[in-house]
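Worksheet: the structure to be examined is printed underneath.
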Protein chains: 2
Amino acid sequence: MAEQPAGGVDALDHPPYRAAVVDLLGVLAYGELTAFERLAEDAALAPTLNDKAQLAAMAAAEFHHFERLRDRLVQLGADPSAAMTPFRGPLDEFHAHTAPADWLEGLVKAYVGDGIAADFYREVSAFLDADTRALVVEVLADTGHAGFAVERVRAAITGDARVGGRLALWGRRLMGEALSQAHRVAADRDALSALIVGAIDQPSMDLAEIGRVFARLTENHTKRMAALGLSA
Amino acid sequence: MAEQPAGGVDALDHPPYRAAVVDLLGVLAYGELTAFERLAEDAALAPTLNDKAQLAAMAAAEFHHFERLRDRLVQLGADPSAAMTPFRGPLDEFHAHTAPADWLEGLVKAYVGDGIAADFYREVSAFLDADTRALVVEVLADTGHAGFAVERVRAAITGDARVGGRLALWGRRLMGEALSQAHRVAADRDALSALIVGAIDQPSMDLAEIGRVFARLTENHTKRMAALGLSA
């Protein structure tokens with residue numbers, strides 16, 4: 001197979017690269033669909049009608065991101081259900097292991113969990129062709145959740161200091177579960193891992209770079225926890 | 001108070017009429033918000049990723065209907081949360097009394113329950129000013145749920161005849177609960193009831209007409225049950 005230019009127009013004709021992109025869009029699409037469900041569940045727990053409407057708006061926005069990813073998969077000739085299926089196990093397990101006990105845990109999970117995922121996908125997107133990268137950046141745009149979660153969580157901590165301790169532990173558990181499921185995906189999905197670690201003829205990360213990516217993910221996680229008023 | 005023309009431009013300046021419209025938009029808005037939540041819950045129960053995505057799309061469509069109603073309430077100078085609040089009790093109780101036991105009951109509930117509600121609001125809309133009527137008709141538009149529910153339920157009945165008997169009973173229960181909560185709303189919300197039975201200076205229904213409305217609601221319910229392949 002001839003070497004492909006980074007993000008070149010021909011990149012998607014290269015079968016291992018195309019397989020990696022289908023994997024990436026598949027995991028993102030299933031992630032958006034579960035984000036929709038999770039935010040809708042949070043809306044059901046919302047203390048006021050205004051909070052409920054705001055969470056429902058975010059859920060609808062995540063659904064529209066899902067639609068963009070699904071349409072792109074169809075455009076690439078891939079079956080969206082087939083592309084999402086390999087990621088149901090890891091993502092459903094992540095959600096089963098991190099079911100929020102209340103409204104505040106749900107807000108922290110959405111903010112911290114989506115933040116970790118978005119950071120990771122943005123790192124990967126550096127190695128994508130221009131069209132795919134633009135779509136990934138578009139669907140990772142904050143749907144207004146960040147500001148909402150920060151405001152509500154900070155207000156709750158100010159009202160009761162013990163809440164901060166409990167939510168700090170919760171944030172650590174979320175990071176641990178996210179890393180554990182990411183390992184599982186990396187072990188199962190050769191095409192996607194190959195894109196990241198450079199087993200296909202595309203620019204990719206070397207081991208030192210992977211180390212730096214994890215350092216950045218951890219650093220950003222600490223910043224998000226601090227924004228919530230929590231120790232990481 | 002001077003007599004107001006039916007659907008005239010001044011109708012909303014007439015305080016009892018305006019109060020009735022705020023009630024109507026409030027109950028519709030809360031109905032759309034709960035429809036969003038319910039469809040999102042059904043999406044979580046969906047047997048396939050394709051079914052899940054279709055239900056999530058309908059949920060997002062209901063949310064956008066909610067946004068249109070909320071924006072109209074704001075435009076009328078009403079507080080959307082305050083307008084919705086009186087209807088939380090009856091609607092939450094309807095949903096608590098008719099929690100679907102499975103995916104098929106959820107589909108029948110969405111199709112039959114939304115059908116009854118839409119029929120009722122369409123009857124009421126005959127007595128509204130043109131702008132409000134146009135909005136009501138717009139938000140009651142089918143979001144693709146009807147065809148989806150009919151197809152899935154008919155397929156399930158064909159596969160197992162006992163399912164039909166169980167779902168027919170379920171449909172009757174839904175109609176009974178809907179009527180019982182409608183009675184409660186009529187007893188509690190004077191402005192809205194006045195709009196329907198003509199206690200304000202607007203064209204409205206006389207008792208014979210109310211009887212005919214109920215006959216039409218029942219007839220349409222029977223038709224929807226038949227479309228599902230169920231006896232009413």
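Derivation of every value follows stated rules applied to the coordinates shown; laboratory data play no part. Since this is a predicted model, take the numbers as computed values, not measurements. Counting neighbours? That spans all protein chains shown, and the Cβs are built from the backbone with ideal geometry, glycine included.
Side notes on the structure shown:
- Residue-averaged [θ]222 nm for chain B, counting only DSSP H segments that reach four residues, each worth -39500 (n - 2.57): -24500 deg cm²/dmol
- FRET efficiency, 1/(1 + (r/R0)^6) with R0 51 Å, evaluated for B:Ala187 and A:Gln75 via beta carbons: 0.40
- At full extension, A:Ala161 and A:Ala226 could sit 21.9 nm farther apart than now, given 0.36 nm per residue minus the alpha carbon distance.
- Computed extension length for A:Arg212-A:Thr48: 54.8 nm, one decimal, from 0.36 nm per residue of separation with the Cα-Cα distance subtracted.
- Mean Cα-pair separation over length for chain A, i.e. relative contact order, pairs under 8 Å, 6 or more apart, %: 28
- For chain A, modelled as a GNM whose springs connect Cα atoms under 10 angstrom apart, the maximal fluctuation among A:Ala82, A:Ala182, A:Ala101 occurs at A:Ala101.
- Across peptide B:36-44, the mean count of Cβ atoms from other chains lying within 10 Å of each residue's own Cβ comes to 5.
- q = 0.13, 0.27 Å⁻¹, the range B:69-150: log10 I(q)/I(0) [Debye, one scatterer per Cα]: -0.54, -1.27
- Estimated vicinal HN-Hα couplings, Hz - the range B:226-231 in sequence order (Karplus 6.51, -1.76, 1.60; Gly, Pro = x): 4, 4, 7, x, 10, 7
- Separation between Cα centres of the range B:155-193 and the range A:104-154, rounded to whole Å: 41
- Helix B:49-75 axis versus longest C-alpha principal axis of chain B: approximately 10°, rounded to the nearest ten.
- With coordinates expressed along the principal axes, the C-alpha atoms belonging to the range A:11-227 extend over 56, 35, 27 Å, beginning with the largest.
- Mean separation of Cα contacts under 8 Å, 6 or more apart, over the residue count of the range A:12-73: relative contact order %: 41
- Rh by Kirkwood over Cα pairs, then Stokes-Einstein D for the protein assembly as shown at 0.692 mPa s and 37 °C, µm²/s: 134
- Each residue of the range A:178-185 is assigned a 3J(HN,Hα), and the resulting list reads 4, 5, 5, 6, 5, 4, 4, 4 Hz, derived from the Karplus form 6.51 cos²θ - 1.76 cosθ + 1.60 (θ = phi - 60°), x at Gly and Pro.
- Peptide A:61-68 has a mean shielding of 3, counted as Cβ atoms of other protein chains within 10 Å of each residue's Cβ.
- FRET efficiency for the pair A:Arg173 and B:Asp13, taken as 1/(1 + (r/R0)^6) with r the Cβ-Cβ distance and R0 = 60 Å, rounds to 0.55.
- Modelled FRET efficiency - R0 25 Å, A:His64 with A:Ala96, Cβ distances, 0.05 increments: 0.45
- On Cα atoms only, tilt of B:114-125 relative to the major axis of chain B in degrees: 20
- Think of each Lys and Arg Cβ as +1 and each Asp and Glu Cβ as -1; about the Cα centre, that makes the dipole of chain B roughly 860 debye.
- The aspartates and glutamates within cross-link reach of B:Lys109, meaning a Cα-to-Cα straight distance under 12 Å and a gap of 8 or more places when in the same chain, are B:Asp42, B:Glu177.
- Compared with the direct C-alpha span, the chain from A:Ser180 to A:Val150 gains 8.2 nm at full extension, assuming 0.36 nm per residue.
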